[in-house]
Amino acid sequence: MSTRSGKGGGAGDGAAPGLGPRRGATRRKLFEAAVTLIAEQGFSATTVDEIADRAGVAKGTVYYNFTSKNVLYEELLRDGIDLLAGSLRQAAEATVARGGTRVDALDAMIRAGLDFIARSPALTQLYAAELWRTNRSWRATLTSVRGRALTVVESVLRDAVDDGELTDELDIPLTASALFGMVLVAALDWQSFQPHRSVEDVHASLSRLLQGRVSGPPGSVARRGVATGHMAPDRVAPGPAAGGAGAPAGR
């Protein structure tokens, strides 16, 4: 969906279509219990009894909402990635509505992705693990929801090409995957090995990559983004070499 439209699906509340708020709240509790337990001890080792106990509901409540543990996990992945896609879309649309460029919108999406992952580390851990497992019954669902998240990024990239901010030689699907993967891997590394760093610090580093400010001789800044040919002159930072102490941080 293009950010030009001003429309966008927001993040969900855990309720499937047609379900009331009470049942939606119950499903949300079950999702939160399941994602924490499965991240801690693995899918196979986690039982429905444990999920029910962690959520503070009866075992029958789990089966009332989901026919099996597999279905619960599949819906958990669908819900989580849809929430992420909604966060990315909202960040892009808000930036464009304020008069920002499409590259600004991409930068805002990077920050939104980092914020989401910081709030949902267990979900992110499970999603990353599932990317490597091709024999799961929910593989088709995972592929579908991943595609929906990437479509949000692709839409902004396409608008940037149409506006002349990025070169028309851009491979939009591959670039969208690269940006999405960059945020995912960087965030996991940040959470696992560099937790002392702030989200502002991590965002600033990724922002430099997006805006092509990680290379170039001393006293100059590359004018091209990671996959672009047209970075506007007003994005060129004066002063020290790119990425140095004097380079401006991202938002």
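The values are calculated or read from the model by the stated rules, or taken from the named source; none is laboratory data. In this text, all values refer to a predicted model and were calculated from it rather than measured experimentally. Note: ideal-geometry Cβ built from the backbone for every residue, glycine included; neighbour counts use all protein chains shown. Note: accessible area is taken over every heavy atom of the protein model, side chains too, but ligands, DNA and RNA are not part of it. Shrake-Rupley method; radii C 1.70, N 1.55, O 1.52, S 1.80 Å.
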> How much accessible surface does Ser68 have with a 1.4 Å probe, in Å² rounded to 10?
Replying inline: 40
>> I want to check the label-to-label distance for Phe193 and Arg22. Put each point 7 Å from Cα in the C-beta direction and report it in nm to one decimal.
In response: 5.0
>> Could you derive backbone 3J(HN,Hα) for the stretch 49-62 from the dihedral phi with the Karplus parameters 6.51, -1.76 and 1.60 (θ = phi - 60°), listing whole Hz in sequence and x where the residue is Gly or Pro?
In response: 4, 5, 4, 4, 5, 5, 7, x, 10, 6, 4, x, 5, 4
>> Full-extension gain between Ser144 and Thr167, please, as 0.36 nm times their residue separation minus the C-alpha to C-alpha distance.
In response: 5.5 nm
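I need the calculated FRET efficiency for the pair Leu174 and Ala58, taking r as the beta carbon distance and R₀ as 45 Å, to the nearest 0.05. Mind showing how you got there, number by number?
On the way: r = 48 Å, r/R0 = 1.06.
Plugging the Cβ-Cβ distance into 1/(1 + (r/R0)^6) gives 0.40.
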> Dipole magnitude of the stretch 114-181 about its Cα centre, charges +1 at Lys/Arg Cβ and -1 at Asp/Glu Cβ only, in debye to the nearest 20?
Replying inline: 800
>> Between the stretch 23-68 and the stretch 95-135, what is the separation of their alpha carbon centroids in Å?
In response: 25
